[in-house]
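The values are calculated or read from the model by the stated rules, or taken from the named source; none is laboratory data. These numbers were taken from a predicted model, which means no experiment stands behind them. Here the Cβ positions follow ideal geometry from the backbone for every residue, glycine too, while neighbour counts run over all protein chains shown. Ligands, DNA and RNA are excluded from the accessible area calculation, which covers all protein heavy atoms including side chains. Shrake-Rupley method; radii C 1.70, N 1.55, O 1.52, S 1.80 Å.
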Amino acid sequence: MTQPDLDSWKPPALREAEAQLDETMSKARDLIKKTEEKLKQIPDVDNTAKPEDIARIKAAAERPDAPAAMRELKKKVDAGELSWKDVLEGKALKDPAVQEAMRARLGEMREIYQEAEEGATLEEILEARGVTGSVFNGGGPTRAQAAPPPAQQSEDDYFSGNNVLSSRQPPPPPPQQ
């Protein structure tokens, strides 16, 4: 004796929809499996804050001309609510003061991204912001400078808001040869 078809009551459109759903679920499971395999191949990233990074962000927040968001963040760190290590390692990303300090830099990052999307090279983007040293070989100059940058600006003071990357003045012209 054969068993009756339990799906015989379903209209053809429903059966087709179920078949498509099964196929989609199968593809999704395969994609998840492939993604997990790829993730296993990626080495873990050490996001431990280095002492020099902590010193750099702390110094940037202590500058008299530090942005208000950085001064607010410093108050929280000084009060013991956060640590610079937690800020740098991403453990404090949900804190409103950390988000505001990052948001303050977001406009410039969007500009850089847009310039890159429009085809600007890294060198052109950096030159437009007055950065004339190489970012790849320890910051040595890639071309002669007409005048050194002002002393208060530092490529390392990224969060200070007063660094060469945030400078909106055009770079000095190269010396005539």
**Message:** Taking the Cα of Glu100, stepping 7 Å toward and past its beta carbon, and measuring to each backbone N in the range 64-87: which are under 18 Å?
**Reply:** 64-84, 87
**Prompt:** Which peptide among 28-38, 96-106, 111-121 comes first, and what is the full order, when sorted by highest mean count of other Cβ atoms within 10 Å?
**Reply:** 96-106, 111-121, 28-38
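Taking the solvent-accessible surface of protein heavy atoms with a 1.4 Å probe, what is the per residue accessible area of the range 51-129 in Å²?
Working: 4930 Å² over 79 residues.
Value returned for the range 51-129: 62 Å² of accessible area per residue.
Classify the range 51-129 as rounded, prolate or oblate from the Cα gyration tensor: take a ≥ b ≥ c as the square roots of its eigenvalues, call it rounded if a/c is under 1.5, otherwise prolate when a/b beats b/c and oblate if not.
Numbers: a/c = 2.35, a/b = 2.09, b/c = 1.13.
Because a/c hits 1.5 or more and a/b exceeds b/c, the range 51-129 counts as prolate.
How high is the FRET efficiency between Ala68 and Leu14 when r is their beta carbon distance and R₀ equals 41 Å, given to the nearest 0.05? Mind dumping the intermediate values first?
Details: r = 61 Å, r/R0 = 1.48.
So the FRET efficiency works out to roughly 0.10.
Would you mind getting me the FRET efficiency between Gln114 and Leu93? Use the beta-carbon distance for r and R0 = 35 Å, nearest 0.05. Can you show the working numbers first?
Numbers: r = 24 Å, r/R0 = 0.69.
Efficiency for this residue pair is about 0.90.
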**Prompt:** In nm, to one decimal, how far is the Lys38 label point from the Glu123 one, both placed 7 Å along Cα→Cβ?
**Reply:** 3.3
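First compute the accessible area of the range 51-129 with a 1.4 Å probe, then give the percent of it belonging to carbon and sulfur atoms.
Numbers: 2650 of 4930 Å².
Answer for the range 51-129 is 54 percent, counting heavy atoms of protein chains only.
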